[in-house]
Amino acid sequence: VQLQASGGGLVQAGDSLRLSCAASGRTFSNYCMGWFRRAPGKEREFVAAISWSGDRSVYADSVKGRFTISRENAKKTVYLQLNSLKPEDTAVYYCAARRTIMVVTTIPEYDSWGQGTQVTVSS
């Protein structure tokens, strides 16, 4: 599956953004989808993941209660709603896919990656 992330931008602290990740291929509904991010000078880290059916999701502690992951299988799209943004959320955000019924949260478990979209939060 090929992935295309979009929706990043420059916002102020406290603002919201919605990231989208559009997938190509016929079997999108068989994939666990995840979002990761890489802040300047830091390693890529897990943000959120959602099961193929959308009924299970997992979040990093740093974004729990502020970010929401969702998906529309008919549109082959996964979303990440970012609310109450903080300067420390500044990063390149990547979507990723893994064909599994599990919800996976580590980088090696994903085998398809999008190109990333920049989110910059000013204070």
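A Förster distance of 25 Å, applied to the separation of the beta-carbon atoms of residue 66 and residue 42, puts the FRET efficiency at 0.85. Relative to the current alpha-carbon distance between residue 115 and residue 99, full extension at 0.36 nm per residue lengthens the span by 3.9 nm. A Förster radius of 35 Å, combined with the Cβ-Cβ distance separating residue 13 from residue 107, puts the computed FRET efficiency at roughly 0.80.
Write down the accessible area per residue of the chain in Å², having rolled a 1.4 Å probe over the full set of protein chains. Could you put the intermediate results ahead of the total?
On the way: 6270 Å² over 123 residues.
On a per-residue basis, 51 Å².
Judged by a Cβ-Cβ distance under 4.7 Å, the unpaired cysteines of the chain are 32.
Using the Cβ-Cβ distance between residue 86 and residue 27 with R0 set to 35 Å, the FRET efficiency from 1/(1 + (r/R0)^6) comes to roughly 0.45.
The charge dipole of the chain, taken about its Cα centre with unit charges on the Cβ atoms of Lys, Arg (+1), Asp and Glu (-1) only, comes to about 260 debye.
May I ask for the net charge around residue 53, where only other residues with Cβ less than 13 Å from the Cβ of residue 53 are counted and Lys, Arg are +1 while Asp, Glu are -1?
Numbers: positive: 56, 71; negative: 55, 72.
Spelling it out: positives minus negatives among the neighbours equals 0.
The values are calculated or read from the model by the stated rules, or taken from the named source; none is laboratory data. Remember, it's a predicted structure, so these values are computed and weren't measured experimentally. Cβ atoms come from the backbone with ideal geometry, glycine included; neighbour counts cover every protein chain shown. Surface areas here come from the heavy atoms of the whole protein model, side chains and all, with no ligands, DNA or RNA. Shrake-Rupley method; radii C 1.70, N 1.55, O 1.52, S 1.80 Å.
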